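Enquirer: Before I ask anything, let me first share the structure, which is written out below as structure tokens.
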Amino acid sequence: MIKWAGWLIVLFGALHTLGALTVEEAASHADDWFSGALWEEDLSAMSAANSAYWLSLGSFGVPLVMVGLTVLWLDRRGITPPSFIAWTLALWTVVDAVVLAFTPWPVLLLAAALLWFGARRAARSRPPG
């Protein structure tokens with residue numbers, strides 16, 4: 001269960017980031033990103049380039065990939081991921097579902113549930129002491 005959760009988290013984060021860069025064409029603003037054009041911008045009045053940055057590279061996608069890879073790394077070493085990862089991911093996903101109902105949030109909720117149940121199962125199967 002933990003391995004499935006890790007892969008779902010990695011997949012979700014990677015697809016979000018790659019989809020924003022390609023399908024949403026955020027990468028077309030890369031010249032602005034790397035020229036310093038965003039340095040002086042006001043976040044309350046975002047340009048298209050700034051919005052594209054926060055949708056892609058500055059979004060939650062990259063950190064989700066890191067969380068998923070960390071879960072997989074821990075699992076490969078026989079270390080049960082801490083339950084706060086599952087709870088935090090679940091809480092954040094529920095907030096996302098309330099704010100943006102038509103997103104693929106059920107995938108992350110499934111990953112959080114798999115991670116939580118997998119961690120509980122691993123804790124029960126561990127010898128005492």
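The values are calculated or read from the model by the stated rules, or taken from the named source; none is laboratory data. Fair warning: this is a prediction, and the values are worked out from it, not measured in the lab. Cβ coordinates were reconstructed from backbone atoms using ideal geometry, including for glycine residues, and neighbour counts include every protein chain displayed. Remember, those area values only see protein heavy atoms, side chains included, never the ligands or the DNA or RNA. Shrake-Rupley method; radii C 1.70, N 1.55, O 1.52, S 1.80 Å.
Enquirer: Extent of the chain along each principal axis, from alpha carbon coordinates, in Å, largest to smallest?
Expert: Sorted from largest, the Cα extents of the chain read 57, 30, 25 Å.
Enquirer: Using a 1.4 Å probe on the protein chains only, how many percent of the accessible area of segment 1-93 belongs to carbon and sulfur?
Expert: Answer for segment 1-93 is 68 percent, counting heavy atoms of protein chains only.
Enquirer: Let me ask something additional. How much accessible area per residue does segment 1-128 have, counting only protein heavy atoms and a probe of 1.4 Å, in square angstrom?
Expert: 64 Å²
Enquirer: Would you calculate, for the chain, the mean residue ellipticity at 222 nm contributed by helices, counting each DSSP H stretch of 4 or more residues as -39,500 (n - 2.57) and dividing by all residues, to the nearest 500?
Expert: Numbers: 6 runs with 89 residues, N = 129.
Computed mean residue ellipticity for the chain: -22500 deg cm²/dmol.
Enquirer: Once the other residues with Cβ under 15 Å from the Cβ of Gly68 are scored (Lys, Arg +1; Asp, Glu -1), what is the net sum?
Expert: Details: positive: Lys3, Arg76; negative: Asp75.
Here the charged neighbours net out to +1.
Enquirer: Now for a different question. Using alpha carbons only, how many angstrom separate the centre of segment 54-129 from the centre of segment 1-53?
Expert: About 20 Å separates the Cα centre of segment 54-129 from the one of segment 1-53.
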